[in-house]
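The values are calculated or read from the model by the stated rules, or taken from the named source; none is laboratory data. All values reported here derive from a predicted model rather than from experimental measurement. Cβ coordinates were reconstructed from backbone atoms using ideal geometry, including for glycine residues, and neighbour counts include every protein chain displayed.
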Amino acid sequence: MSTEVAPPPPAIAPAEPSTFRKALRQKRFTVGLGITVLLVLFAIFGPLLAPYGENEVTGPPYSDVGFLGTDYLGHDVLTRVMYGGQEILVIAVFGTLLGMVLGIAIGVVAAYGGGWWDEVIMRLNDVVLAFPQILLALLVLTAIEQPTAWVLIALVGISHAPRVARLARGVALGIVSRDFVIAAEALGEKRSRVILAEVLPNMNAPLLAEAGLRLTYSIALVGSLGFLGFSADPGAANWGQMIQENRLGLSTQPWGVIAPVIVIAIFCIGTNLMADGIAQVAQRGDD
Amino acid sequence: MTVTESSPKGGLVVSDLGVDLTGKDIDVVDDIDLVLKPGEVVGLVGESGSGKTTVGTSLLNYSRAGAFISSGKVLLEGRDVLGMEWQEVRKIRGEEIAYVPQDPASALNPAIRIGKQIVELLQLRNIGTSESRLQGARDGLAEVGLPSDDEFLSRYAHQLSGGQVQRVALAMAFLPKPKVLVLDEPTTGLDVTTQAMVLETMAELCRTHGVSALYVTHDLAVVANIADRVAVMYAGQIVELGPRDAMFRNPAHPYTRALLDSIPHLSQARALTGIPGRTPAPGARPSGCRFHDRCAFVVDACKESVPELRPVAAEHDVRCIRAEEIGTWDISRGTVPDADPDRPREVILSVDHLNVFYGSKQVVYDVSFDLAKAEVVALVGESGSGKTTISRSVGGLHKDWTGTITFDGDELSKSARQRDAVNRKRLQYIFQNPYLSLNPRLTIEQIVKRPMELFGIAKGKEATDRVVDLLDQVALGPRMLKYQASRLSGGERQRVAIARALAAEPDVLICDEITSALDVSVQGSIVALLEGLRQQRGISMLFVTHNLALVRSIAARVEILQAGKVVEAGSVVTVMETPREEYTRNLLSKSPRID
């Protein structure tokens, strides 16, 4: 194709497409991405399109007034579902972000530090890891009277961090021993720059996959906390809380439970498919 | 297809073999005609990407995933291996056509003892009775010169050395008494002495059993020592085929000649040259003669059609339309005087009483040597001799050492981090494997620019201009600036690594086996590049290698290392012409040579 130069330029392999590009070519990833985007849009714009107000009573409790009937207080279930996503979404996303940042920092520093650093950091990490995620959150939440959104985000993030750290350390270990990292050290680069410029950019594929997976867990975790009655605003609609509130009427008005269950499930499937797609790309990636 | 009838007993006839990529109309190898006579070793030589391994495995009717055998015949005593049912192919593999892989360590099961593996093989092939098989395994091991006692039989693969593993693989290949043997770079990665032993064993077995062997390799020097006939492959085609002596005395194809020009000799220093350009990948190969875009003798007719493989002498075929016109060739072409041993030396780096440890284990014992300005000192030894360890200690990459390293009057600290910026800048390290030493996420510009920014040599636009300059010096165009390293070939990556080292404007380069991961023609051009840098910039180099022939062409002084100690040192001419130590003599005599 290129005929402008006299000596034919040697054929250069096409540029390595980014992980995201490669993932886009995967059906699994695009479907997951599609589902997630739709649900996020649903959660964001739901309140604007809802047929009734969030706390508006539209009929007797557990009746079939409206599209999906009413809940235990007589609120419209569809409206509650449309309102109930925002809190979960915000807490799950920010919690995941916090967990990823903390976890990556811990893992990479441990791997790059090596020796004693590695031992001490990872053993402390193991201590936190020993708590089941939900237990750790419950422990704190029972001590606090009314959690704010920030407390929930911090709890979700902190409970993710040690799990992310284990993975990040594993991935980083394979990179810190490579010659280009050693070359950077031989040049006398600052340690922080070696981590940020040399190590981290080579970890993005497995970390992206982990982020997707963690987002799934976050949604489930925030949903569970809601079910157990822990949410930033007990009066506001919340998918997890809806399941808890309406479970007594499961036999008479199942939609009050099933509708939030379905949206949570679809959301989890979407993010999980995304994570899976990225993981597959990452696996095939650098050979 | 009348050739097929005359297929000699035991030999193998390959005709018109082609392998294509699945789903694309792209050939990996094409138009391969080859005859293996009984008891004959044919060397199949080519650089990476030439399709030599593909041809080798095709003889067993095997193609790797993503490729398929699209045409041709492989006739074993008149039977076409490629046309057989899979059950039959399965029986023939190993039993009549055996395969020895490049890395036998990964071919042996790490969880099964050696003896058991050989007995299992005999069981599978239905050789002997259950009582005689253990004895059979012992005999097989004895034949390749390995111990055959119970202790050895009960070892696992990881308890053997590389050479031993390779000889176990040879024993296993020979036990079913195959008629044809395909060896895929079986000695790559072995030390020269081990390599010589494996090659001897192989040649001996082939002779005594009348086995024909296809020896696939990138190393022309090895082929010169063991093959009866040589086939040279380029871009999926055999470009020259002939008896060994004719091939090395009178190579007729420009590619063969260029390859031979890029190989260093043991007997005399040479000005090595590379082949311009890069080996085309399948699908990107030029039309007409596939070598025409890199050939020094190209004419318009070369671009028009693919030349036929045609005879130029008895049994000597060439795929070149100008074979008769390009003149004669001489093996001593390109020789230059050896480095002058009496040149006055101005020492810039000296290493005194260096002892290096890994934990509590000492690996280098009391090594002292020095390096003068604009001089190349080679550290030579087999694997485990400590040569890389020494270079890493000097470069500050390994800090567990004692002794003194003095650089231009300054005593150097143990690790690069503790050294001051000036010393770090003046002493640059180039790594063995260019596939690992460049960050795949950064562009070439970022990689080469970094040392300039770090050492405050240049910034911004000025730095970019210098990067272009440097790339030009290492024979890479400015087009490369925005590429990521993953898009470059091995040779190009190593040039970038050299450019990165030069960006710091060093006085000493530490080159750790920098050509051993590269093809010979690429090695030739890298060595030419380094020699140019040494002369123009007066850079000194500490050159770590296991290749003695390369030392002759590049270095002025040499330190021969054995098990962490210097056993012999001196000027290259003295050491290589009149070696004093048995170890050095042994290394020299075991090194494969083409001169």
Candidate set: the range B:563-595, residues that are among the basic types (Lys, Arg) and outside any loop (DSSP other than H, G, I, E, B); chosen: the one nearest to the chain's Cα centre (by Cα): B:Lys590
A:Leu129 vs. criteria in a helix (DSSP H, G or I), of a type outside the set (Gly, Ala, Ser) and under 14 Å from A:Leu228 (Cα atoms): no
Some residue of the range B:217-224 being free of Cβ contacts under 8 Å to residues at least 24 places away in the same chain, out of contact with any Lys or Arg (no Cβ under 6 Å at 6 or more places or on another chain) and either crowded, with 24+ Cβ neighbours inside 10 Å or not assigned by TED's automatic domain parsing to the domain that holds B:Ala137 (or both): no
Filtered residue count, the range A:45-59, keeping only those that are among the hydrophobic types (A, V, I, L, M, F, W, C), over 15 Å from A:Ala259 (Cβ atoms) and surrounded by 13 or more Cβ atoms within 10 Å (Cβ to Cβ): 1
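Quick check: anything in the range B:459-468 within 12 Å of another protein chain (Cβ to nearest Cβ) and touching a residue at least 12 places away in the same chain (Cβ under 8 Å)?
no
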First in the range B:118-137 and in the same structural domain as B:Tyr156 (by TED's automatic domain parsing), second anywhere and modelled with pLDDT of 85 or more and of a type in the set (Ser, Thr, Tyr), Cβ under 8 Å, 6 or more apart: B:Ala137/B:Ser148
Number of the condition not met by B:Ile348 [criteria: (1) within 14 Å of chain A (Cβ to nearest Cβ); (2) touching a residue at least 24 places away in the same chain (Cβ under 8 Å); (3) of a type in the set (A, V, I, L, M)]: (1)
Only listed residue being assigned to a helix (DSSP H, G or I), surrounded by fewer than 19 Cβ atoms within 10 Å (Cβ to Cβ) and either away from chain B (no Cβ under 14 Å) or under 21 Å from the mean Cα position of the chain (by Cα) (or both), chosen from A:Val156, A:Val164, A:Val222, A:Val140: A:Val140
Residue list for the range B:530-586, restricted to those being within 18 Å of B:Ile430 (Cβ to Cβ), surrounded by fewer than 17 Cβ atoms within 10 Å (Cβ to Cβ) and among the small types (Gly, Ala, Ser): B:Gly532, B:Gly538
Subset of the range B:469-507 [over 14 Å from B:Met452 (Cα atoms), assigned to a loop (DSSP other than H, G, I, E, B), facing chain A (nearest Cβ under 9 Å) and of a type outside the set (Phe, Trp, Tyr)]: B:Gly477, B:Leu488, B:Ser489
Yes/no for A:Ala209 being surrounded by 23 or more Cβ atoms within 10 Å (Cβ to Cβ), assigned to a helix (DSSP H, G or I) and more than 14 Å from chain B (Cβ to nearest Cβ): yes
Test: residue in the range B:265-284 that is basic (Lys, Arg) and within 14 Å of chain A (Cβ to nearest Cβ): yes
Qualifying residue in the range B:445-465 (condition: within 31 Å of the chain's Cα centre (by Cα) and among the polar types (S, T, N, Q)): yes
Any helices (runs of 4 or more DSSP H) falling wholly within the range B:25-132 and containing at least 3 residues that are within 23 Å of the chain's Cα centre (by Cα) and modelled with pLDDT of 90 or more: B:52-58
Counted residues, the range B:288-323 - those being out of contact with any helix residue (DSSP H, G or I) (no Cβ under 7 Å at 6 or more places or on another chain) and within 14 Å of chain A (Cβ to nearest Cβ): 3
Filter result for B:Gln535 (more than 21 Å from the chain's Cα centre (by Cα), under 22 Å from B:Leu471 (Cα atoms) and not small (Gly, Ala, Ser)): yes
Search result, residues across the range A:60-72 that are over 32 Å from the mean Cα position of the chain (by Cα) and surrounded by fewer than 16 Cβ atoms within 10 Å (Cβ to Cβ): A:Pro60, A:Ser63, A:Asp64, A:Val65
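Can you name the residue in the range B:247-264 that is part of a loop (DSSP other than H, G, I, E, B) and more than 19 Å from the chain's Cα centre (by Cα) and, of all such residues, is nearest to the other protein chains (Cβ to nearest Cβ)?
This residue is B:His253.
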Residue list for the range A:178-203, filter: assigned to a helix (DSSP H, G or I) and more than 7 Å from chain B (Cβ to nearest Cβ): A:Val181, A:Ala184, A:Arg191, A:Ser192, A:Arg193, A:Val194, A:Ile195, A:Leu196, A:Ala197, A:Val199, A:Leu200, A:Met203
Given (1) crowded, with 16+ Cβ neighbours inside 10 Å; (2) within 12 Å of another protein chain (Cβ to nearest Cβ); (3) at negative phi, number of the condition B:Gln418 does not satisfy: (1)
Scope the range B:508-524; condition within 13 Å of another protein chain (Cβ to nearest Cβ) and in a helix (DSSP H, G or I); matching residues: B:Val522
Failed criterion for B:Pro110 (all others in (1) in contact with a His (Cβ under 7 Å, 6 or more places away or on another chain); (2) crowded, with 16+ Cβ neighbours inside 10 Å hold): (2)
Sole exception among (1) within 12 Å of another protein chain (Cβ to nearest Cβ); (2) on the phi > 0 side of the Ramachandran plot for B:Thr443, by number: (2)
The range A:26-43 residues that are within 8 Å of A:Gly270 (Cβ to Cβ), paired with ones that are among the hydroxyl-bearing types (Ser, Thr, Tyr) (beta carbon under 6 Å, 6 or more apart): A:Thr36/A:Thr271
